[in-house]
């Protein structure tokens, strides 16, 4: 049976090096309910869970999806070794593109800090005891991080391009409306429905191109989150803000514009060698950011140098994200109508403008 990727989350190690990042979680005698929206449909589905960054084997005693049991090699109880992934048995579940899948996982014994995606812009519910079969969780706690769930795959081919959006918090959708699918990959999905596209969000907030911190660097996770995605045909690469800003937070040497340019084009070449079409995005404006490290002296010069290198080369398609959301009167800042309020992350309308930049440049 051939499987297509219908949903993706780029997971990271359970550590919180900065105060604005939701902390890691450990679970014991708790049910975790997560909702994901599928990009394509079929008559059967399978789920991939990750213990890539766990400190002990991950034991999940029961998993359910839309009321169906999710089994691993015919067993209800899952045990995933440290550093590994596990793929469920096929679940006979007819489901359509755009439908929501509700995944419940119950852990009886302590899991240790869970491999997770912080700030996923989706409400996750956590409740005491085994409530996998409950229609509504009793007295749930709510958060916006995803745990363990790495991919959903469907048993049907994709008619159009499979586009992986690789990036940081701007790709992930920080500051867009929670549970309303307003991230730029969501808007791009809707924009490209007519050609049967599947758009997968591989963003991690605070992620960097060249160095790890809040997950593996984009360079290090490229094999997992792009080259390893079944059927991937395109990758949109958006990176640079955190490489420029976070060295001031961690007391590191700041990369040069040349190092960032080399890193971006190196990823594009890796994609091309694997038969995947790269689309390189410019670095969005951050001149009015409320984060001091982002507006440190010299940062804007690096951003402009990187963007000039991207927009003046002739080899690769470009998504000019910077031009799409810049204030026309001050291109170093986000336009007010596209600013979520922190001067760095685009609003819902800003995310829509980013999607338009991709659609118009690469899928016109």
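For the structure I just gave you, tell me whether residue 310 is modelled with pLDDT of 95 or more, crowded, with 17+ Cβ neighbours inside 10 Å and in contact with a strand residue (DSSP E or B) (Cβ under 6 Å, 6 or more places away or on another chain). Against the criterion (modelled with pLDDT of 95 or more, crowded, with 17+ Cβ neighbours inside 10 Å and in contact with a strand residue (DSSP E or B) (Cβ under 6 Å, 6 or more places away or on another chain)), residue 310 qualifies. Residue by residue through region 137-167, note down the ones that are in a loop (DSSP other than H, G, I, E, B) and closer than 19 Å to residue 200 by Cα. Within region 137-167, 144, 145, 148, 155, 156, 157, 158, 159, 160, 161 qualify.
Just one of the listed residues (97, 134) is part of a loop (DSSP other than H, G, I, E, B), under 22 Å from the mean Cα position of the chain (by Cα) and not assigned by TED's automatic domain parsing to the domain that holds residue 194, namely 97. Within region 6-47, the set of residues being surrounded by fewer than 19 Cβ atoms within 10 Å (Cβ to Cβ) and at pLDDT 95 or above comprises 26, 28, 29, 35, 37, 41, 43, 44.
In the set (1) modelled with pLDDT of 95 or more; (2) loosely packed, with under 14 Cβ neighbours inside 10 Å, residue 259 fails one condition alone, (2).
Outside any strand (DSSP E or B) and in contact (Cβ under 8 Å) with a residue 60 or more places away in the chain - does that describe any residue in region 68-89? No, every residue in region 68-89 fails to be outside any strand (DSSP E or B) and in contact (Cβ under 8 Å) with a residue 60 or more places away in the chain. Residues in region 329-351 that are assigned to a helix (DSSP H, G or I) and surrounded by fewer than 21 Cβ atoms within 10 Å (Cβ to Cβ): 336, 337, 348, 349.
Could you tell me whether region 270-287 includes any residue that is more than 20 Å from residue 192 (Cβ to Cβ) and modelled with pLDDT under 95? The answer is yes, given that some residue of region 270-287 is more than 20 Å from residue 192 (Cβ to Cβ) and modelled with pLDDT under 95. Restricting attention to region 202-246, the residues that are over 30 Å from residue 297 (Cα atoms), surrounded by 24 or more Cβ atoms within 10 Å (Cβ to Cβ) and more than 12 Å from the chain's Cα centre (by Cα) add up to 2.
Note on region 313-328: among residues that are more than 21 Å from residue 233 (Cα to Cα) and exposed (fewer than 15 other Cβ atoms within 10 Å of the Cβ), the one that is nearest to the chain's Cα centre (by Cα) is 313.
For region 183-201, the count of residues that are touching a helix residue (DSSP H, G or I) at 6+ places or on another chain (Cβ under 6 Å), crowded, with 18+ Cβ neighbours inside 10 Å and assigned to a loop (DSSP other than H, G, I, E, B) is at least one. If residue 92 satisfies all but one of (1) buried (at least 19 other Cβ atoms within 10 Å of the Cβ); (2) in contact (Cβ under 8 Å) with a residue 40 or more places away in the chain; (3) farther than 30 Å from residue 325 by Cβ, what's the number of the condition it fails? Of (1) buried (at least 19 other Cβ atoms within 10 Å of the Cβ); (2) in contact (Cβ under 8 Å) with a residue 40 or more places away in the chain; (3) farther than 30 Å from residue 325 by Cβ, only one is false for residue 92: (1).
Sub-7 Å Cβ pairs linking a first residue in region 265-286 that is without any contact (Cβ under 8 Å) to a residue 12 or more places away in the chain and assigned by TED's automatic domain parsing to the domain that holds residue 235 to a second residue that is buried (at least 18 other Cβ atoms within 10 Å of the Cβ) and outside any helix (DSSP H, G or I), at least 6 apart or interchain, are 272/278, ordered by first then second residue.
The values are calculated or read from the model by the stated rules, or taken from the named source; none is laboratory data. Everything numeric in this text was worked out from a predicted model, so none of it was measured. With ideal geometry, Cβ positions are generated from the backbone for all residues, glycine too; neighbour counts draw on all protein chains shown.
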